[in-house]
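J.: Have a look at this one before I ask anything.
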Amino acid sequence: ANIFLGRERRTAMGLLDDTTMERESAELLAELECPVDPRTPAGSLRVGDQQLLEIAKAVSLASDVLIMDEPTSALTDAEVARLDRVIARLRARGVTILYISHKMDEVFRLADRITVLRDGRVVTTVDRTATTPREITSWMVGRDIAAHDFHGSRSPGAEVLAIRSLTLPWPDHPRGYRLKDVSLELRAGEILGVAGLMGAGRTELLETIFGAAEPTWTGEILLDGRSVRFSHPADACAAGIAMVTEDRKRLGLFPDLDVAANVSLCSLNEAVRGGLLSRSREESLVAGPLRETGVKTPGPHAAITGLSGGNQQKCIIGRWLLVKPRVLLLDDPTRGIDVGAKAELYTLIDRLCREGLAVILTSSELPELLALADRIIVLSEGRLTAEFPRAAATEQKIMEAATGATT
């Protein structure tokens, strides 16, 4: 139905010809390496298969031009490789593809020519072979971005958080657990990086600490040496733990509220006067976090949906800074934002750490962890398989531990 929506095949009697549509859909999906039954509801498909469903629709239209807007933002490595093969076949057919991405490896792997936009204007168009990723990023942000390394003068303090033998059951899965016997320590003024492939348990680890996971976990979580077990994120927040979620649009932002309301959400009591919310107090309350995090916005009452992904993420971090946390959990915080905004977030995270905040940072990008983290732990299928001090960590060592390839 999705592939032929609005141009359904019909029988000679004018009835829907489901048999023909299912047969043609199956042929299209097979061509795109998408082994999905055409009768499967589209909403139940994985994101990667939903992407290919949209491409199948375009192929069925015999489109000459296909626009792909950040098509790999939520795909696994295997799904990305499959999409690359599909793109190669479409190009061989003569289809022109406009591929929008902020991932330099994709751009340089797939593109023939590259056009750079900044602030709604075309900066330049160049042949891929005539430029470099560093030159492209400098055009994107209007300045040169040097390699980031923030480890120089950090001095981690006392232990703030410790986890002992944390296990999170997964009853309906053959493995039986999402996390198994995970232990770690975190100190004030330290960034602990968490690496792992998709499904390794990175998000589940942070959600368990934050009281957002199923309360079936076993083990022990210690905050300042005291055993805690949060049944709700509000309890974790009250204890000084904050979390920036991986999916900011679904779990972090309130799209119907403006910038000020999104930032003040966890501190509304401070903006109340006589039992009513005072707009002037709210504006004063959020002014500091907006300034401190460097949010670029027309004003505190601008629509949060009108901001860039990087500025939305800064608003969420600003929200948590208002509650003065001691531990900040960052779940893939730069996912889906451009390279310039990433550099600004790196600087912000580093500054907060130097001010004494203890940070646990997960990321799907290894260079990000290597640039920011003091130590890196690696999860593989729910288990902690390695821990590296920053000086000993390399992408190869981390990937070996993440894939179980260590000897």
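The values are calculated or read from the model by the stated rules, or taken from the named source; none is laboratory data. In this text, all values refer to a predicted model and were calculated from it rather than measured experimentally. Cβ coordinates were reconstructed from backbone atoms using ideal geometry, including for glycine residues, and neighbour counts include every protein chain displayed.
J.: Can you tell me which residues in the range 341-392 are in a strand (DSSP E or B) and either charged (D, E, K, R) or in contact with a Phe, Trp or Tyr (Cβ under 9 Å, 6 or more places away or on another chain) (or both)?
T.: Here is the first cut: in the range 341-392, the residues in a strand (DSSP E or B) are 358-362, 375-380, 383-389.
If the condition is that a residue be in a strand (DSSP E or B) and either charged (D, E, K, R) or in contact with a Phe, Trp or Tyr (Cβ under 9 Å, 6 or more places away or on another chain) (or both), then ARG375, ILE376, ILE377, VAL378, ARG383, GLU387 are the ones that fit.
J.: Does the range 179-199 hold any residues that are touching a Ser or Thr at 6+ places or on another chain (Cβ under 9 Å) and in a strand (DSSP E or B), and which are they?
T.: Passing the criteria: LEU179, LYS180, ASP181, VAL182, SER183, GLY193, VAL194, ALA195.
J.: Return the residues of the range 98-108 that are exposed (fewer than 15 other Cβ atoms within 10 Å of the Cβ) and either at pLDDT 90 or above or closer than 19 Å to VAL65 by Cα (or both); say none if nothing qualifies.
T.: Correct list: LEU98, ILE100.
J.: Output yes when any residue across the range 176-192 is among the aromatic types (Phe, Trp, Tyr) and either surrounded by fewer than 18 Cβ atoms within 10 Å (Cβ to Cβ) or within 19 Å of ALA239 (Cβ to Cβ) (or both), and no when none is. Please lay out each step first, then the result.
T.: First, pick out the residues of the range 176-192 that are among the aromatic types (Phe, Trp, Tyr): 177.
Next, only the ones that are either surrounded by fewer than 18 Cβ atoms within 10 Å (Cβ to Cβ) or within 19 Å of ALA239 (Cβ to Cβ) (or both) stay: none.
So far as the range 176-192 goes, no, none of its residues is among the aromatic types (Phe, Trp, Tyr) and either surrounded by fewer than 18 Cβ atoms within 10 Å (Cβ to Cβ) or within 19 Å of ALA239 (Cβ to Cβ) (or both).
J.: If I ask for residues that are within 23 Å of PRO133 (Cα to Cα) and not small (Gly, Ala, Ser), which ones from the range 76-90 would you list? Break it down into steps so the answer makes sense when it comes.
T.: Kept after step one, since they are within 23 Å of PRO133 (Cα to Cα), are these residues of the range 76-90: 76-77, 80-81, 83-85, 87-88.
Result: THR76, ASP77, VAL80, LEU83, ASP84, ARG85, ILE87.
J.: With respect to ASP37, determine if the residue is charged (D, E, K, R) and exposed (fewer than 13 other Cβ atoms within 10 Å of the Cβ).
T.: Values: charged (D, E, K, R): yes; exposed (fewer than 13 other Cβ atoms within 10 Å of the Cβ): yes.
Considered against the rule, which asks whether it is charged (D, E, K, R) and exposed (fewer than 13 other Cβ atoms within 10 Å of the Cβ), ASP37 comes out as yes.
J.: What number of residues within the range 21-49 satisfy the criterion of being in contact (Cβ under 8 Å) with a residue 40 or more places away in the chain and among the small types (Gly, Ala, Ser)?
T.: Of the residues in that region, 1 qualify.
J.: Let me ask you something else. Looking only at residues that are surrounded by 22 or more Cβ atoms within 10 Å (Cβ to Cβ) and within 15 Å of the chain's Cα centre (by Cα) in the range 315-339, which one is nearest to ALA195 (Cα to Cα)?
T.: Here the residue is ASP331.
J.: Taking LYS342 as meeting all but one of (1) surrounded by fewer than 15 Cβ atoms within 10 Å (Cβ to Cβ); (2) of a type in the set (Lys, Arg); (3) over 22 Å from PRO233 (Cα atoms), write down the number of the exception.
T.: (1)
J.: Hey, can you tell me all the residues within the range 324-340 that are part of a strand (DSSP E or B), among the hydrophobic types (A, V, I, L, M, F, W, C) and closer than 15 Å to SER363 by Cα?
T.: Step one: filter the range 324-340 for residues part of a strand (DSSP E or B), giving 327-331.
Narrowing the set further to residues that are among the hydrophobic types (A, V, I, L, M, F, W, C) leaves 327-330.
Hits for the range 324-340 are LEU328, LEU329, LEU330.
J.: Now for a different question. Looking at ARG202, is it crowded, with 20+ Cβ neighbours inside 10 Å and either among the charged types (D, E, K, R) or under 21 Å from ARG383 (Cα atoms) (or both)? Can you show your working first?
T.: Numbers: crowded, with 20+ Cβ neighbours inside 10 Å: yes; either among the charged types (D, E, K, R) or under 21 Å from ARG383 (Cα atoms) (or both): yes.
Answer is yes for this residue.
J.: Same structure, new question: Just checking, which of ARG10, ARG46 is at negative phi, basic (Lys, Arg) and modelled with pLDDT of 85 or more?
T.: Details: ARG46 fails: modelled with pLDDT of 85 or more.
So the residue among ARG10, ARG46 that is at negative phi, basic (Lys, Arg) and modelled with pLDDT of 85 or more is ARG10.
J.: Further question: Restricting attention to the range 275-288, does a residue exist that is within 22 Å of PRO233 (Cβ to Cβ), in contact (Cβ under 8 Å) with a residue 40 or more places away in the chain, aliphatic (A, V, I, L, M) and crowded, with 18+ Cβ neighbours inside 10 Å?
T.: Within the range 275-288 (the criterion being within 22 Å of PRO233 (Cβ to Cβ), in contact (Cβ under 8 Å) with a residue 40 or more places away in the chain, aliphatic (A, V, I, L, M) and crowded, with 18+ Cβ neighbours inside 10 Å), the answer is no, since none of the residues qualifies.
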